[in-house]
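Asks: Take a look at this one; I'll ask things after.
The values are calculated or read from the model by the stated rules, or taken from the named source; none is laboratory data. Just so it is clear, the model here is predicted, and its values are computed rather than measured. When we count neighbours, we look across all protein chains shown, and the Cβ atoms used for this are built from the backbone with ideal geometry, even at glycine. Remember, those area values only see protein heavy atoms, side chains included, never the ligands or the DNA or RNA. Shrake-Rupley method; radii C 1.70, N 1.55, O 1.52, S 1.80 Å.
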Amino acid sequence: GDVTIIDQLLVTHAPELSSPRNSRTEVADFIIADLQAAAPDLPLQSAIQTADAGRVTRGTAQAFLSRVALFEGTWQKFHNSNTTRATALLDIAAKAAKEVINSNEYSLFRPAALGDSAQKYMFILEDTKSNPAGIKKADNKEYIFVNRHDEILNPIGLNITHESMANVQYVTRKFANLYLTQNGLPIDHPGNSQFQGYSTMTSEYQNRDNRMRYTLMPANKPYWRENKPRVNWTGDAADRASAMTTSFQPTYNSGYHNQKWAAERAVQQTLEGYDFPIIRYAEVLLNYAEAVYERDNAISDADLNISLNLVRQRVNTSMPALTNAFVNTNNLEMRTEIRRERTVELFNEGFRADDLKRWKTAEVEMPQDMLGIKWTGTEFQTKYPAASSRAKNAEGVLIMETGRTWAQRNYLYPIAADQLQLNPNLKPNPGW
């Protein structure tokens, strides 16, 4: 919401410390103007010398500008119905993203040697061998701005692999169902013969977007982790003998499990050294597609092909591109497909809650039950007997959490009570 704008250093008793908050519009415009002013003075990525690696570039400012303007543009469109301001902001977002695209400084990480596993290994890329092809960080041109890590100089310092690999992160049925089949259709599309249903623990993974099997964890496969690592990266008998499991059984929690951010190489816990992408090129491409569509209430095939389709087909080379003809022929909805792509691609990177808020769909999405796998009448009923006493819906799907609510006040965070005491002029956000 509204925030006090401070654009100078303050002394202890400066009057600004007791000032009210500036309007949301003033704050957004301040951020946008700052980024627009900074971009021309920053160097291109290709001009960064080795000693300055990791510093802010022109592409960083432009990419962040696309994020900020898209967020505020869609907020104005869906919360305030302020079409004029929304259109102007979305135009800024689209143009900033297009400048990043036109710079040719960045590209999606998709080395041929990694095939359809490219995206999986991008997230755990280290200079110590961390993928079957031995590709190093310097080969990744997708990351625009990162938190830089190194096993020795700056390890991540969190138990990230242990937490990420089939552990405490619940994955819901709603998310799993978002993945398209290889024919580019949603699984619930009438007559989609590629979707194989839920009868076995692996059937729903068949013929799906390749990101599904490299982000989630299909059953009956080997998986490696930092203390049960790869030994030769070939998947042969010796490699499998070292695995955490040679035949994973997803028979706990929701039945869906995550592997994103989990290292496969031998490394002491908390010492993983892969970088965290604060902004990556795939997001910029998706920002562009969404900004153009929401600005114009339409998007050309040409614009889709330089943005969203590059992301979708990175590891799905045979999947049909998203086009206006494809949408019309199959009775799809373009906005839904653009949002689907964003949700799938940016899963587990911290975007989803903010996206639901700016789209003003949190009030619909958040109160829904959090569901797991379909249990009744499937292989899970035999393999996952511990779930027999768990709550299930009418379809026999596990209910992981129910009774959630969403109030309108939740669209904005509360202002900290101590700050309201220090400066009563701040005033609380509506409903708090």
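Asks: Anything in segment 29-45 that is open to solvent by less than 70 Å² (accessible area, probe 1.4 Å), among the hydrophobic types (A, V, I, L, M, F, W, C) and more than 26 Å from the chain's Cα centre (by Cα)? List them, or say none.
Replies: Ala33, Ala37, Ala38, Leu42
Asks: Could you tell me whether any residue of segment 53-68 is modelled with pLDDT under 95, part of a loop (DSSP other than H, G, I, E, B) and either closer than 30 Å to Pro414 by Cβ or not hydroxyl-bearing (Ser, Thr, Tyr) (or both)?
Replies: yes
Asks: Keeping to segment 203-258, report how many residues are under 21 Å from the mean Cα position of the chain (by Cα), part of a helix (DSSP H, G or I) and either farther than 22 Å from Gly134 by Cβ or among the aliphatic types (A, V, I, L, M) (or both).
Replies: Of the residues in segment 203-258, 5 are under 21 Å from the mean Cα position of the chain (by Cα), part of a helix (DSSP H, G or I) and either farther than 22 Å from Gly134 by Cβ or among the aliphatic types (A, V, I, L, M) (or both).
Asks: Filter segment 10-28 down to the residues that are in a loop (DSSP other than H, G, I, E, B) and either open to solvent by 60 Å² or more (accessible area, probe 1.4 Å) or of a type outside the set (Gly, Ala, Ser) (or both) and list them by number.
Replies: Of everything in segment 10-28, those that are in a loop (DSSP other than H, G, I, E, B) and either open to solvent by 60 Å² or more (accessible area, probe 1.4 Å) or of a type outside the set (Gly, Ala, Ser) (or both) turn out to be Leu10, Val11, Thr12, His13, Pro20, Arg21.
Asks: Sticking with this structure for a sec: Would you be able to tell me the number of residues in segment 281-320 that are outside any loop (DSSP other than H, G, I, E, B), of a type in the set (A, V, I, L, M) and open to solvent by 30 Å² or more (accessible area, probe 1.4 Å)?
Replies: So the answer is 2.
Asks: Still on this structure, I have one more. Which one of the conditions (1) in contact with an Asp or Glu (Cβ under 6 Å, 6 or more places away or on another chain); (2) surrounded by 15 or more Cβ atoms within 10 Å (Cβ to Cβ) does Tyr121 fail to meet, given that it meets all the rest?
Replies: Looking at each condition in turn, Tyr121 falls short on (1).
Asks: Continuing with this model, one more query. When segment 121-166 is examined, which residues are found to be part of a loop (DSSP other than H, G, I, E, B) and among the charged types (D, E, K, R)?
Replies: Glu126, Asp127, Lys129, Lys136, Lys141, Glu142, Arg148, Glu151
Asks: May I pose another question? Any idea which of Leu89, Leu44, Leu35 is of a type outside the set (Val, Ile, Thr), under 29 Å from Asn140 (Cβ atoms) and touching an Asp or Glu at 6+ places or on another chain (Cβ under 7 Å)?
Replies: From the options Leu89, Leu44, Leu35, the qualifying one is Leu44.
Asks: Among the residues of segment 84-95, is any over 23 Å from the mean Cα position of the chain (by Cα), among the hydroxyl-bearing types (Ser, Thr, Tyr), under 30 Å from Gln408 (Cα atoms) and at pLDDT 95 or above?
Replies: yes
Asks: Taking segment 321-371 as the search range and keeping residues that are part of a helix (DSSP H, G or I), open to solvent by less than 30 Å² (accessible area, probe 1.4 Å) and of a type in the set (A, V, I, L, M, F, W, C), which one is farthest from Met400 (Cα to Cα)?
Replies: Val327
Asks: Between Met201, Met217, which is in contact with a Pro (Cβ under 8 Å, 6 or more places away or on another chain), over 21 Å from Tyr121 (Cα atoms) and open to solvent by less than 50 Å² (accessible area, probe 1.4 Å)?
Replies: Met201
Asks: Evaluate the following for Lys174: is it open to solvent by 50 Å² or more (accessible area, probe 1.4 Å), in contact with a Lys or Arg (Cβ under 7 Å, 6 or more places away or on another chain) and either assigned to a loop (DSSP other than H, G, I, E, B) or not acidic (Asp, Glu) (or both)?
Replies: no
Asks: Sticking with this one: Please work out which one of (1) open to solvent by less than 60 Å² (accessible area, probe 1.4 Å); (2) assigned to a loop (DSSP other than H, G, I, E, B); (3) closer than 20 Å to Lys120 by Cβ; (4) touching a residue at least 40 places away in the same chain (Cβ under 8 Å) is the condition Leu185 fails and give its number.
Replies: Leu185 satisfies every listed condition except (3).
Asks: Select from segment 132-152 the residues that are without any contact (Cβ under 8 Å) to a residue 60 or more places away in the chain and open to solvent by 60 Å² or more (accessible area, probe 1.4 Å) and list them in ascending order.
Replies: Lys136, Ala138, Asp139
Asks: If you don't mind, there's one more thing I want to ask. Given the criteria open to solvent by 40 Å² or more (accessible area, probe 1.4 Å), under 28 Å from Val68 (Cα atoms) and touching a residue at least 12 places away in the same chain (Cβ under 8 Å), does Gly431 qualify?
Replies: Spelling it out, Gly431 is indeed open to solvent by 40 Å² or more (accessible area, probe 1.4 Å), under 28 Å from Val68 (Cα atoms) and touching a residue at least 12 places away in the same chain (Cβ under 8 Å).
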